[in-house]
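Below is one structure, written out as C-alpha cells; the observations come after it.
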C-alpha cells in the first residue's frame, strides 16, 4: 500500500493497527475516535443478583469480552462471583462471539448458544429464535451503547429485558486528531479510512458537525476508500449515505488489513 495515507480510528488496538499499516508501506494517520469509560454500578449489580435469586432469568446474553470481564471484576469486588456463576447455571447462556465466550469459559460458565460468524445482533437472535420468552426475564450485558435492535426484538417477543451496563463509549478527551482528519479528508489527502466500529463513524461525524463540516465530511469519504470491519459498521456508514469500498470477510483485523493492502496496492 506504499505510500498511501490510511486513516485509523481504532482506539484500543489503534497503535498496533498503525504499525501493521506502516509495516506494509502505508502511512498511518491515527485519529482515535472512541474512549471507553467504566459504567459499572456495583450496588446495582448486587441488587440485580438478589432479584435474580427471587425471580430467575431464563436467558443471559453476553456481547463483548471486555464487558464480560468487567462484570466479573465487579462481582469479584462484591464477593458475589460464585453466586453469579451459580445463577447462570439455571439460565440459557448466549455468547455473541469468541471474545465473550473466552471470558465466560475462564470463569467456568457453560455456554448454551453461540452467535454464528459474523457475530452481529442478527446472529444472536437467530441462535435463540426457538426459545419462548413471553413473560421471561432476559439479562443483557451491554457494551459501549445500548443495543436497541436486540432489546426491541426481545421485548417484541414478550421478554422483560434487563441491561447490565459495563462500559460506555464517548468522544476522546482530545478531539484534535479527529478535527485534523476532517481537514485532511476535505483536502483529499487521505487514500483510505478504516472503521472498526460503527461508533467511530458516528463520533467522526459529530466532530465534523461541530465544525459545520458534516456534509463535506460525507462527501469527502465518498471520494476515498472506506474500509469497514464488518456488517454493523457498514450499516452505519450506508445509512448516512457513505459508500463502503470494502468490508472484511470474516470481520477480523487480519482480513481487513489484507483486503485493504490488496485494494491499495
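Just so it is clear, none of the values below were taken in a lab; they were calculated from the coordinates. Just so it is clear, the structure is predicted and the values come from calculations on it, not from any experiment. In this analysis, Cβ positions are derived from the backbone assuming ideal geometry, glycine residues included, and neighbour counts consider all displayed protein chains.
Against the chain, whose longest principal axis is taken from its Cα atoms, helix 176-186 shows a tilt of about 50°. Averaging the sequence gap over all C-alpha pairs within less than 8 Å and six or more residues apart, then dividing by the number of residues, gives the chain a relative contact order of 21 percent. What does the C-alpha gyration tensor say about the overall shape of region 93-188? Classify as rounded when a/c is under 1.5, otherwise prolate if a/b is larger than b/c, or oblate. Taking the square roots of the gyration eigenvalues as a ≥ b ≥ c, region 93-188 is prolate. The helix-only estimate of mean residue ellipticity at 222 nm for the chain, built from DSSP H runs of length n ≥ 4 each weighted as -39500 (n - 2.57), is -13500 deg cm²/dmol after division by the residue total.
For the chain, the longest principal axis of the alpha carbon atoms and the long axis of helix 198-210 meet at an angle near 60°. Could you compute the FRET efficiency for residue 15 and residue 53, with r as their C-beta to C-beta distance and R0 at 41 Å, rounded to 0.05? According to the calculation, E is roughly 0.40. Gyration tensor over the Cα atoms of region 67-132: the corresponding equivalent ellipsoid has semi-axes (square roots of 5 times the eigenvalues, largest first) of 23, 14, 9 Å. With contacts taken as Cα pairs under 8 Å at a separation of at least 6 residues, region 193-265 carries a relative contact order of 31 percent.
What number in nm² do you get for region 1-138 if you take the convex hull of its Cα atoms and divide its surface by four?
Details: hull surface 41.2 nm².
Convex hull of Cα atoms, orientation-averaged projection: 10.3 nm².
Suppose R0 equals 35 Å. What FRET efficiency, 1/(1 + (r/R0)^6) with r the Cβ-Cβ distance, do residue 132 and residue 206 give to the nearest 0.05?
0.30
Largest GNM mean-square fluctuation across 52, 181, 221, computed for the chain with C-alpha springs under 10 Å, falls on 52. Compute the angle between helix 253-264 and the longest alpha-carbon principal axis of the chain, please, reported from 0 to 90 degrees and rounded to the nearest 10. Value to nearest ten degrees: 20. Multiplying the residue separation of residue 253 and residue 189 by 0.36 nm and removing their Cα-Cα distance gives an extension gain of 20.7 nm.
Taking 79, 114, 11 in turn, the Gaussian network model of the chain (Cα-Cα springs below 10 Å) assigns the largest fluctuation to 79. Specify whether the C-alpha gyration tensor of region 162-265 places it in the rounded, prolate or oblate class, a ≥ b ≥ c being the square roots of the eigenvalues: rounded for a/c under 1.5, otherwise prolate if a/b is larger than b/c and oblate if not. Verdict is oblate for region 162-265. The relative contact order of region 38-169, computed from alpha carbon pairs under 8 Å that lie at least 6 residues apart in sequence, is 30 percent. Compared with the direct C-alpha span, the chain from residue 240 to residue 265 gains 6.2 nm at full extension, assuming 0.36 nm per residue.
Taking a quarter of the surface of the Cα convex hull of the chain gives a mean projected area of 14.3 nm².
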